């Protein structure tokens, strides 16, 4: 009876990750994948933003209008003499809370915040015996520092006077605007500058590579193959002419990626570079991967409008996205109903004090 014998098999060769040509192929594939992912995400975000603008943004504006009208109603009680200090402080805290939401909301372009702020300042000025609190001064300082670099020079007394005198506030803000340099930028722009510097460094390195014999050879091979003078067919001749324009522009602008892509498409898909050139090329490919990874992360960042919309409504499937839109729309409509109900209910000091009491209870519970 024959015995079972182990069959000898040839070991599967392990990919040589240290081989420069293999590194090139792997990194090039990674770059192509990242570029496809970025392109796909940008397309998805454009579609999502358009849907947001059509379906959600009008409801956002309705919610903000309802909140604005309720805040105006709250302000109408602030000057009531029969309102005790305890209730007055609670009322002003409520008003400031609502004003902060209106002020920082990303879609408040239809709300007249200046008119609302003037009402608040007028009420503060009417309270001759009550100076602005330190918390109110700190909040104003924070708002001004976000917009005007020179606002850091203002003292607490300056800010208090501004809060009690609308004309002084207007004049000071005009002066701050004049004194703020054009290059005063926010954190998001700083992040963009860091990325630009990295891209510039990579682009500079590619510029040196473009002067090398290796890339000149690539350029000449592409140009020889695509030269329109060698084409008899008028349509193909025009097509090659446009390709040559693209190639010449890439060389002039040090756009190595266009040259590499055209070389792979029209000349040699395997990219057989010289052994001496491969290490530098692979290093620059890795730099390109890092830049693309950063671009992809920035697309998903909520610091931009598209990123913010994507973070709230994006999903892996259409069903998930539809569900996100439905839930948020319902939340907004509930918010509109709540703000409208409170505004319509606030018609007397008795009702106001009831709401203030409930708010104090909520704060104590927290």
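None of the figures in this text is laboratory data; all of them are computed from the coordinates on show. In this text the structure is predicted, and so the values were computed from the model without any measurement. Every residue, glycine as well, gets a Cβ built from its backbone with ideal geometry; the counts of neighbours run over all protein chains shown.
Using 1/(1 + (r/R0)^6) with R0 = 25 angstrom and r between the beta carbons of residue 257 and residue 47, what's the FRET efficiency to the nearest 0.05?
So the FRET efficiency works out to roughly 0.45.
Which of the peptides 84-95, 314-325 is most tightly packed, and how do the rest follow, going by the mean number of other Cβ atoms within 10 Å of each residue?
84-95, 314-325
Between residue 170 and residue 97, what's the calculated FRET efficiency when r is the beta-carbon distance and R0 is 30 Å? Round to 0.05.
Computed FRET efficiency for residue 170 and residue 97 comes out at 0.75.
Fewest to most neighbouring Cβ within 10 Å: what's the order for 355, 148?
355, 148
Based on the Cβ-Cβ distance from residue 156 to residue 349, what FRET efficiency comes out when R0 is 35 Å, to the nearest 0.05?
That gives a FRET efficiency of 0.60.
At 7 Å along Cα-to-Cβ for each site, give me the label-to-label distance between residue 311 and residue 85 in nm.
With each label placed 7 Å out from Cα toward Cβ, I get 4.2 nm.
Answer rounded, prolate or oblate for segment 25-100, using the Cα gyration tensor with square roots of eigenvalues a ≥ b ≥ c: rounded when a/c is under 1.5, else prolate when a/b is larger than b/c, else oblate.
oblate
Give me the distance in nm between label points sitting 7 Å out from Cα along the Cα-to-Cβ direction at residue 326 and residue 265, one decimal.
4.3 nm
Using Cβ counts within 10 Å as a stand-in for footprinting exposure, how do 233, 156 rank, fewest first?
233, 156
Relative contact order of segment 223-297: what whole-number percent is it, with Cα pairs under 8 angstrom and at least 6 residues apart?
19 percent
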